[in-house]
Each structure stands twice: as C-alpha cells, then as structure tokens.
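The values are calculated or read from the model by the stated rules, or taken from the named source; none is laboratory data. Here the structure is a predicted model, which means the values were calculated and not measured. Note: ideal-geometry Cβ built from the backbone for every residue, glycine included; neighbour counts use all protein chains shown.
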Amino acid sequence: MKAKIAIDGPAGAGKSTVARAVAKELGLAYLDTGAMYRAITLAALRAGVDFNDSRALADLTESVELDIQIGSDGENIIFLNGENVSEEIREPEINSNVSYVARCPEVREIMVSKQQEIGRRGGVVMDGRDIGTKVMPEAEFKFFLTASLEERARRRLAELKAKGINLTLPQMIEEIRTRDKIDSERECSPLQAARDAIYLDTTEMTIEQVVKYIVDIVVDSK
C-alpha cells in the first residue's frame with residue numbers, strides 16, 4: 001500500500017501512539033515529525049541558543065545531523081549528531097520549549113522540506129500539526145485528532161509517570177494550554193485542521209477504538 005495518511009492535532013491528543021499503531025496495522029512507514037522539532041530543541045538547549053533568535057535557530061538546524069531510523073517495534077529512533085536522543089527529547093524541558101522552535105519559520109522551512117521528501121515516497125503515516133495542511137496536503141487520508149484539555153493533560157502525565165517524571169495535573173494543563181496557544185497563533189503553519197480532514201474527538205475513546213476507526217476508513221476505501 002502506497003497510501004499517504006496525515007494525522008494532526010494538539011499536544012496530548014494521542015497522535016503519535018495512534019499513528020504508530022495505524023502504520024503497523026497497514027504495513028506502512030511511520031514518521032513522528034514532532035520528534036524532529038524536539039531534537040532541534042534539545043540541540044538549541046545544549047548550545048544555549050536563544051529561542052527568539054530565528055537566524056540562530058535556522059543556522060543550528062542546518063548544522064546538526066538529524067537521522068531518523070525505524071526500530072523493530074515500528075518506533076522512530078532519533079539520532080542527533082550520531083547520538084540516540086529518543087528518550088531525552090521527551091523530557092519536560094523539551095516539552096516546555098519545543099513550540100518556540102516549531103514556530104520559527106526558518107526552522108519549519110528546513111523541516112518541512114525533509115518531511116515532504118519522505119512523503120513523496122508514499123506508503124507513510126505522518127503525525128504532527130501541519131501534515132494535512134502543509135507537509136502532505138495531497139494525502140489521501142487526513143485526520144485531525146483532539147480531546148478535552150484535561151484529558152490531554154492526563155494522558156501526557158501518564159506518559160511522563162511511566163518514565164519516572166512526576167508533575168501535577170494543574171502544571172500539565174497549564175503547559176499544554178500554553179503550547180496550544182503558541183501552536184495555533186504562530187504565523188507559519190499554525191495548528192489547524194485541513195478543510196478535508198476527518199475531525200475526531202478522542203476524549204471518550206480508547207487508543208484501540210481510534211486506531212480501528214482510522215484503519216477501517218482506509219481499508220474500506222480500497
């Protein structure tokens with residue numbers, strides 16, 4: 001199958017988990033575009049780059065070596081200058097700053113170009129915030145996943161707790177609210193559903209239900 005599937009949505013909506021599972025079910029490749037911005041965020045923090053300095057962020061993005069490989073479990077393995085940073089890019093400090101990097105037009109131009117190169121090959125499921133509107137507007141299947149703010153915060157807290165990172169629900173709600181604001185108000189590729197995307201509120205749905213919903217639509221269309 002050479003289908004292109006775009007899955008967009010705000011932080012904590014379950015995009016990555018769903019996209020990985022959908023890709024596995026359909027035998028497609030999976031690309032977590034958010035991980036690419038997370039890796040650049042990590043590089044910026046390490047280098048002490050000002051998140052408000054677009055030129056410096058762009059120069060950094062062009063200078064680092066970013067490689068994405070697919071693990072045996074279908075997970076994306078992210079390498080930054082040859083170092084596996086797949087776990088480190090999920091730390092709270094990255095969560096708090098990634099939206100500042102992702103809003104930078106120069107960085108997005110570089111990242112989108114890389115993502116579109118992968119998308120042109122087909123047979124891929126991509127998740128992010130501008131896949132259906134900017135990266136793969138030609139995708140045959142577009143989905144926009146969302147959930148209530150509190151539910152998204154609970155999901156993200158569960159992910160962090162599994163990694164031994166403990167934050168409070170109010171802290172996480174405020175963090176996600178801030179990310180939503182930055183992502184939806186940025187001038188370059190703001191978070192929004194493509195006009196032809198299927199909108200899905202997953203607040204009351206399990207991951208399995210969401211995956212089945214998407215897979216059924218794709219399979220039934222063939």
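See the values below:
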| item | result |
| --- | --- |
| Selected residue (only one of E87, E140 is more than 29 Å from G48 (Cα to Cα), among the acidic types (D, E), surrounded by fewer than 19 Cβ atoms within 10 Å (Cβ to Cβ) and modelled with pLDDT of 90 or more) | E140 |
| Yes/no for N52 being in a helix (DSSP H, G or I), at pLDDT below 95 and either surrounded by fewer than 18 Cβ atoms within 10 Å (Cβ to Cβ) or among the polar types (S, T, N, Q) (or both) | no |
| Top-ranked residue in the range 182-201 [being out of contact with any Asp or Glu (no Cβ under 8 Å at 6 or more places or on another chain) and farther than 17 Å from G34 by Cβ; ranked as modelled with the lowest pLDDT] | E187 |
| Among residues of the range 135-153, those that are within 18 Å of N95 (Cα to Cα) and either touching a Phe, Trp or Tyr at 6+ places or on another chain (Cβ under 7 Å) or without any contact (Cβ under 8 Å) to a residue 24 or more places away in the chain (or both), counted | 1 |
| Some residue of the range 69-78 being among the small types (G, A, S) and more than 22 Å from E25 (Cβ to Cβ) | no |
| Residues located in the range 1-24, provided they are buried (at least 22 other Cβ atoms within 10 Å of the Cβ) and assigned to a helix (DSSP H, G or I) | K15, V18, A19, V22, A23 |
| Counted residues, the range 112-139 - those being part of a loop (DSSP other than H, G, I, E, B) and more than 20 Å from I214 (Cβ to Cβ) | 2 |
| Number of the condition not met by G132 [criteria: (1) in contact with a Phe, Trp or Tyr (Cβ under 9 Å, 6 or more places away or on another chain); (2) of a type in the set (G, A, S); (3) closer than 22 Å to I173 by Cα] | (3) |
| The range 183-213: number of residues that are surrounded by fewer than 16 Cβ atoms within 10 Å (Cβ to Cβ) and either part of a helix (DSSP H, G or I) or of a type in the set (S, T, Y) (or both) | 9 |
| Residue check, I89 assigned to a strand (DSSP E or B) and out of contact with any His (no Cβ under 8 Å at 6 or more places or on another chain) | no |
| Odd one out for S148, checked against (1) among the hydroxyl-bearing types (S, T, Y); (2) at pLDDT below 95; (3) out of contact with any Lys or Arg (no Cβ under 7 Å at 6 or more places or on another chain) | (2) |
| Qualifying positions in the range 55-82 - part of a strand (DSSP E or B) and of a type in the set (A, V, I, L, M, F, W, C) | L66, I68, I70, I77, I78, F79, L80 |
| Which numbered condition G27 misses (of (1) surrounded by 15 or more Cβ atoms within 10 Å (Cβ to Cβ); (2) under 29 Å from A194 (Cα atoms)) | (1) |
| Per-region count, the range 92-121, residues out of contact with any helix residue (DSSP H, G or I) (no Cβ under 8 Å at 6 or more places or on another chain) and crowded, with 16+ Cβ neighbours inside 10 Å | 1 |
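The rows are residues; the columns are (1) at pLDDT below 95; (2) under 17 Å from I214 (Cβ atoms); (3) not aromatic (F, W, Y).
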| position | (1), (2), (3) |
| --- | --- |
| A13 | yes, yes, yes |
| V22 | no, yes, yes |
| L31 | yes, yes, yes |
| T41 | no, no, yes |
| A44 | no, no, yes |
